[in-house]
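First the structure, in the form of structure tokens, and then the observations on it.
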Amino acid sequence: MTAPLDALWYTRCAVPNSFGLAMSHGWIEDRLSGIGIPIRSIKEADDPRIRESHFDHSQPNSLRYGGSSPALWARASGRETRALGLQVTRESQLIVTRPDSGIQSPGDLKGRRFGLPLWVNQQIDFLRAQALRGLENVLELAGLTLADVEIVDFPVGATFAGEKVHRIPGTETFGTRKLAGGSAELRGLVRGDVDAIFLHGATGLYISNLLELDVVFDLASHPDPLVRANNGSPIVLTMDRALLDNAHEVAAAVIGELLKAEDRAALHPEEVRQIAAREVNVSEYWLWRAYGGDQGLALRTTLDEDAVAALQSFADFLHRHRFIPAPVDVASWVDPAPLAAARALIHAEV
């Protein structure tokens, strides 16, 4: 049975994307209020079961724009969702080590200890998945495999939905319990318990600089999008299928505002830096560096063939390493109709 559409629930990850830009200006809220639909934040819900929908997409009448691991896990676990758009990024994906480790290139990782997080109470351990993906891809570039390194686990007992988050009034900036890079494996690296770890994004790049760690390799620099494919690229816009089937105009309306935001972003890259930096809780400089400058921060929601192929590559990795319970055929998961409808609406308004 379809839940009545008394509100659209939304959630997204703190990464540069057009959803954040559109929300910061109130465009999505204004557009939906015009058709009598309020919008509510999953991250700010009092009920932890609703907050968990950020990861498992269990909340009816909801959409999510964020990292691909949870979206793929939800799909593989039987959630009736559809993928409506993708955004490919050049997010930093760093293999880092201490300056005294003797590790200067990916080939030097052979026989060394690599620290991975292990979130024992999280439905989808997306942090472990993205770190393992980064490690596997870097090793393959050196002709090595995961069997050539010693994996050291750092168990974490918390859950991401355990606490309600709070936003700075008038912004899309949400508070978090700790820095994204303040991880157990990072502390293990500093103590000398392991020789290398994975850090990503603006916070990871900032922390590696702050602690004067050596960057062995940054996958963002690799020209092959399949090598770069990870939790943060592509990010995925998903919506539950019941909502899509019964209120398809909502999807087109939201995506239309995203496309308008992307057009604005192309003309005002400084605004993208400012808004995204606030949301990630880093300076504009590290945000700009971590995504490859203004060109890397170009926002574009797409269903291009290369973006779909990159997501399929990552989906296959997740299933191969048992992060998701079943394979996902990305092409059959994608629904291109709302994106096409949004583009047609914009064209008609011009």
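Descriptive notes on the structure:
- Put simply, of GLN93, GLN104 the only residue that is out of contact with any Ser or Thr (no Cβ under 8 Å at 6 or more places or on another chain), surrounded by fewer than 19 Cβ atoms within 10 Å (Cβ to Cβ) and modelled with pLDDT of 95 or more is GLN104.
- Exactly one residue out of SER69, SER33 is at pLDDT 90 or above and open to solvent by 60 Å² or more (accessible area, probe 1.4 Å): that is SER33.
- Members of the stretch 6-30 found to be of a type in the set (A, V, I, L, M, F, W, C) and open to solvent by 60 Å² or more (accessible area, probe 1.4 Å), listed by number: TRP27
- Filter result (closer than 27 Å to GLY293 by Cβ and either small (Gly, Ala, Ser) or in contact with a Lys or Arg (Cβ under 7 Å, 6 or more places away or on another chain) (or both)) within the stretch 94-115: SER105
- Residue count for the stretch 242-259 satisfying the condition of being open to solvent by 10 Å² or more (accessible area, probe 1.4 Å), touching a Ser or Thr at 6+ places or on another chain (Cβ under 7 Å) and at pLDDT 95 or above: 1.
- Of the residues making up the stretch 263-297, those that are among the hydrophobic types (A, V, I, L, M, F, W, C) and in contact with a helix residue (DSSP H, G or I) (Cβ under 7 Å, 6 or more places away or on another chain) are ALA265, VAL272, ILE275, ALA276, ALA277, VAL280, VAL282, TRP286, LEU287, TRP288, ALA290, LEU297.
- Condition met for VAL236 (surrounded by fewer than 17 Cβ atoms within 10 Å (Cβ to Cβ), touching a strand residue (DSSP E or B) at 6+ places or on another chain (Cβ under 6 Å) and of a type outside the set (Lys, Arg)): no
- Any pair with Cβ under 6 angstrom, 6 or more apart, that starts in the stretch 239-263 at a residue that is of a type in the set (D, E, K, R) and ends at one that is open to solvent by 20 Å² or more (accessible area, probe 1.4 Å): ARG241/GLU80; ARG241/ARG82; GLU257/TRP27; GLU257/ARG31; GLU262/ARG300
- Test result for PRO155, more than 21 Å from the chain's Cα centre (by Cα), over 30 Å from ILE39 (Cβ atoms), open to solvent by 50 Å² or more (accessible area, probe 1.4 Å) and at pLDDT below 95: yes
- Filtered residues of the stretch 86-124 (kept if of a type in the set (Lys, Arg) and farther than 20 Å from SER183 by Cβ): ARG90, LYS110
- Total residues in the stretch 212-222, condition surrounded by fewer than 20 Cβ atoms within 10 Å (Cβ to Cβ) and under 20 Å from the mean Cα position of the chain (by Cα): 2
- The stretch 107-131: number of residues that are touching a residue at least 60 places away in the same chain (Cβ under 8 Å), open to solvent by 20 Å² or more (accessible area, probe 1.4 Å) and farther than 23 Å from GLU52 by Cα: 3
- Residues that are more than 30 Å from GLN295 (Cβ to Cβ) and hydroxyl-bearing (Ser, Thr, Tyr) were ranked within the stretch 72-90; the one that is least open to solvent (accessible area, probe 1.4 Å) is THR81.
- Qualifying residue in the stretch 273-294 (condition: hydroxyl-bearing (Ser, Thr, Tyr) and in a loop (DSSP other than H, G, I, E, B)): yes
- Selection count where residues are within 22 Å of SER92 (Cα to Cα), among the small types (Gly, Ala, Ser) and in contact with a Pro (Cβ under 7 Å, 6 or more places away or on another chain), scope the stretch 120-162: 2
- LEU258 in contact with a strand residue (DSSP E or B) (Cβ under 9 Å, 6 or more places away or on another chain) and outside any helix (DSSP H, G or I): no
The values are calculated or read from the model by the stated rules, or taken from the named source; none is laboratory data. Since we're looking at a predicted model, the values are computed, not measured. We place every Cβ from the backbone using ideal geometry, glycine too, and count neighbours over all the protein chains shown. Calculation scope for accessible area: heavy atoms of the full protein, side chains included, ligands and nucleic acids excluded. Shrake-Rupley method; radii C 1.70, N 1.55, O 1.52, S 1.80 Å.
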